[in-house]
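Below is one structure, written out as structure tokens; the observations come after it.
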Amino acid sequence: MKILVPVKRVIDAYVKPRVKSDQSGVELTNVKMDINPFCEIAVEEAVRMKEKGEAAEVVVVSIGGAKCEEILRKALAIGADRAVLVETAGEDVEPLVVAKILKNLVEKESADLVILGKQSIDGDNNQTGQMLAALLGWGQGAFASDIKKDGDTLQVMREVDGGLETLSLKMPAVVTTDLRLNEPRYVKLPNIMQAKRKPLDKIPAADFGVDLAPRVAVLKVTEPPQRSGGELLEGSAAEIVQQMMDKIGNRIAG
Ligand code: AMP
């Protein structure tokens, strides 16, 4: 079984994003970037499946500028076998474009399973996996918190409102990862060194014949409103509750 894992380069999850002064987007100059956390979980899951003998090869792919090589090397250090960088001029491509390119790649690679993150933390789109499954006509298990392989079937447990749902997916299939699926391993220095020698192919995005032009225009990006300072209430518990009720009442009335 061959697993394809698409990984996206995004602003580091621990960095507080700042809006550009012209409000055209989020400032990315000199900002620490990293692999999207949900994609890291996807790589970890694919590598674990390979370590259990359930997969023969794990191929990671990123669609973006030349700097995506950094996150592909990180995925190779986690344990992926091979990487593909689909190079664009650096612009952020939309989920439908990503899904169309991935469909081409899945067919070219004859992949049996695609594991994606459930969403990229920059655009919060939560679209690519679902679109890819539709384009391929494959079954999908989105927001997986557990994956078990049984022959050519996958049991995917997913967290839904009010409980857990278990799906049985006939492969080939598309799965997207939720936060609780696994905890990615700490990558050690020898693995980082080893990853530098693993194969990484670069293919220009234009070779896929997909129109890269955006369909959505960002009109304006603004910072969330400043939170006003808190207020200390005094008195007994009952008095404090009453004061809070009055304040809420005033806010609704006013
Ligand atoms: P999104 O639909 O943008 O929230 O992204 C969901 C998942 O699709 C990500 O976690 C990745 O696995 C994959 N993905 C999105 N954009 C890219 C990209 N430019 N390159 C590779 N994979 C991507």
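Numerical summary
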| read-out | value |
| --- | --- |
| Residue list for region 122-158, filter: over 30 Å from Tyr14 (Cβ atoms) and open to solvent by 60 Å² or more (accessible area, probe 1.4 Å) | Ala134, Leu135, Gly137, Gln140, Lys148, Lys149, Asp150, Asp152, Gln155 |
| The listed residue being at pLDDT below 95 and either of a type outside the set (Phe, Trp, Tyr) or farther than 21 Å from Lys50 by Cβ (or both), out of Asp146, Asp112, Asp161 | Asp161 |
| Residue in region 114-121 that is crowded, with 17+ Cβ neighbours inside 10 Å and away from the ligand (no atom under 16 Å from the Cβ) present | no |
| Sole exception among (1) away from the ligand (no atom under 16 Å from the Cβ); (2) over 23 Å from Glu57 (Cα atoms) for Ala213, by number | (1) |
| Segments classed as strands (runs of 3 or more DSSP E), wholly inside region 161-245, with at least 2 members that are charged (D, E, K, R) | 163-170, 200-204 |
| Any hit, region 58-70, residues being touching an Asp or Glu at 6+ places or on another chain (Cβ under 8 Å), surrounded by 14 or more Cβ atoms within 10 Å (Cβ to Cβ), acidic (Asp, Glu) and under 23 Å from Val114 (Cα atoms) | no |
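Let's see how each residue does on (1) away from the ligand (no atom under 13 Å from the Cβ); (2) in contact with a Lys or Arg (Cβ under 9 Å, 6 or more places away or on another chain); (3) farther than 22 Å from Lys220 by Cα; (4) touching a residue at least 12 places away in the same chain (Cβ under 8 Å):
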position	(1), (2), (3), (4)
Ile11	yes, yes, no, yes
Asn30	yes, no, no, no
Ala55	yes, yes, yes, yes
Leu76	yes, yes, yes, yes
Val86	no, yes, yes, yes
Glu91	no, no, no, yes
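The values are calculated or read from the model by the stated rules, or taken from the named source; none is laboratory data. All values reported here derive from a predicted model rather than from experimental measurement. Cβ coordinates were reconstructed from backbone atoms using ideal geometry, including for glycine residues, and neighbour counts include every protein chain displayed. Keep in mind that these areas ignore ligands, DNA and RNA; they rest on the heavy atoms of the full protein, side chains included. Shrake-Rupley method; radii C 1.70, N 1.55, O 1.52, S 1.80 Å.
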